[in-house]
Amino acid sequence: MRQKRFFLEENEIPRQWYNILADMPVKPMPMLNPKTREPMTVEDLSELFCEECSRQELNQTDRWIDIPEEVLERYAYYRSTPLVRAYSLEEALGTPAKIYFKNESVSPIGSHKLNSALAQAYYCKQEGVTNVTTETGAGQWGAALSYASKVFGLESAVYQVKISYEQKPYRRSIMQVFGALVTPSPSMSTRAGKDILTRTPNHQGSLGTAISEAVELARMTPGCKYTLGSVMNHVTLHQTIIGLEAEKQMEKAGDYPDIVIGCFGGGSNFGGISFPFLRHNFTGERNTRFIAAEPAACPKLSKGKFEYDFGDEAGYTPLLPMFTLGHDFQPSNIHAGGLRYHGAGVVVSQLLKDGWIEAMDVEQIESFEAGCLFAKCEGIIPAPESCHAIAAAVREAKKCKESGEEKVILFNLSGHGLIDMAAYDQFLAGNMVNH
Ligand SMILES: *Cc1c(COP(=O)(O)O)cnc(C)c1O
């Protein structure tokens, strides 16, 4: 038996997201309004985000939040996503560990990002919003939002980090197919962009610069809201569909994970797969380990400081209490564009501080070695971001080989890498470097 896949019946698909804030033993510190330094209110947040997302962002009381029917209908285009037992990878590693992965790459745009894009676009439409803006790095979030905007009849404008816009032209094409207006950031189309280009004419762009520009456009345009693909609590809330499905699928497989792994950009896919399992650690029923796999080139969890910082370069976003490398940190140009972000979500940061989760750094070359091994065994070429989770899973599986322990390892395959083949080319040619 080389591979076994577990799905859910239609009536088993979760109809609610899990809000971990309701269960956290220590709640995170509040986000602050950068002008007043007072805790952000729903009103403050809804100047930027749609109202429902703003409410969800600050909701610390409702453990379960209903998924709207219209969003469930669109989830049904690709959900449930498969939970896969990776027998072939286990065999290649010679490990007694059981390795499972949750395959979010089967979404129409190839990553988990659509789980939140559909929800955010739906709420915007409900509230009478006509336009949405956002930033994107590698283009995964931009692609998801462009598609979700089309689904719910919104116009979308996407600022894409300049280096990715140039290195990954096909993601731009995907966004454009779905009708988005795509601009490389920093650009001269906003005040923030102009300021950055005046200071640093050759600026290659970062998620921070792109966020500044998208936020500014949203502020300046009537009927326009800003959306974010990671970091914020409401985004991770939407991603809990991953872990909630996985929990039921693991039950069908007759196992429960000892270790849950996700790659880490701002924390949404890691939180999405982890939080539903973590709730059983809070009650003492389980003692699962949770590993956030981050790139060694952008190690905010393991080397960052826990402090209040901005989510963007120009300082437009609320101040967030988080592990951060500083909002002016410029990560090197690793191929995992989705992991090149200076900070970590507020909830994940608090959980790390309190010892509920761990961080692991992975060098770029090790991540691609693991990604290629996985591709050969399981027939799926993983996104460069997801390669970090695979590398962490491989490390843990090798430890099991040494100790002889039969642990159950579950990782999230956040996306496929079919539009990232230039990165694989570089790896195969031996031209890849660690940073
Ligand atoms: C965006 C992205 C990530 C990182 O974002 P998180 O919010 O940390 O999940 C990881 N993998 C893929 C494929 C992505 O597109």
Selection status of residue 417, in contact (Cβ under 8 Å) with a residue 40 or more places away in the chain, at positive phi and not polar (S, T, N, Q): no
Take region 224-278 and flag every residue that is in a helix (DSSP H, G or I), among the hydroxyl-bearing types (Ser, Thr, Tyr) and open to solvent by 10 Å² or more (accessible area, probe 1.4 Å). 236
Residues satisfying the stated conditions in region 39-73, i.e. touching a Pro at 6+ places or on another chain (Cβ under 6 Å) and among the polar types (S, T, N, Q): none
Flag if residue 341 is over 17 Å from residue 269 (Cα atoms), aromatic (Phe, Trp, Tyr) and assigned to a loop (DSSP other than H, G, I, E, B): no
Any chance you could count how many residues in region 326-358 are of a type in the set (Asp, Glu) and within 22 Å of residue 58 (Cα to Cα)? 1
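Yes or no, residue by residue, for (1) polar (S, T, N, Q); (2) away from the ligand (no atom under 15 Å from the Cβ):
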residue	(1), (2)
211	no, no
214	no, yes
218	no, yes
225	no, yes
230	yes, no
235	no, no
244	no, yes
259	no, yes
264	no, no
Which of the residues that make up region 304-330 are modelled with pLDDT under 95, surrounded by fewer than 22 Cβ atoms within 10 Å (Cβ to Cβ) and either aromatic (Phe, Trp, Tyr) or under 30 Å from residue 425 (Cα atoms) (or both)? 316, 329, 330
Conditions (1) touching a helix residue (DSSP H, G or I) at 6+ places or on another chain (Cβ under 9 Å); (2) over 21 Å from residue 420 (Cα atoms): number failed by residue 338: (2)
Say whether the condition of being on the phi > 0 side of the Ramachandran plot, away from the ligand (no atom under 15 Å from the Cβ) and touching a His at 6+ places or on another chain (Cβ under 9 Å) is met by at least one residue in region 317-326. yes
For residue 214, are the conditions met, namely being surrounded by 20 or more Cβ atoms within 10 Å (Cβ to Cβ), closer than 23 Å to residue 16 by Cβ, of a type in the set (Gly, Ala, Ser) and over 13 Å from the mean Cα position of the chain (by Cα)? no
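The values are calculated or read from the model by the stated rules, or taken from the named source; none is laboratory data. The structure presented is a predicted model; accordingly, all values stated were derived computationally and were not measured. In this analysis, Cβ positions are derived from the backbone assuming ideal geometry, glycine residues included, and neighbour counts consider all displayed protein chains. Only protein heavy atoms, including side chains, enter the accessible area calculation; ligands, DNA and RNA are left aside. Shrake-Rupley method; radii C 1.70, N 1.55, O 1.52, S 1.80 Å.
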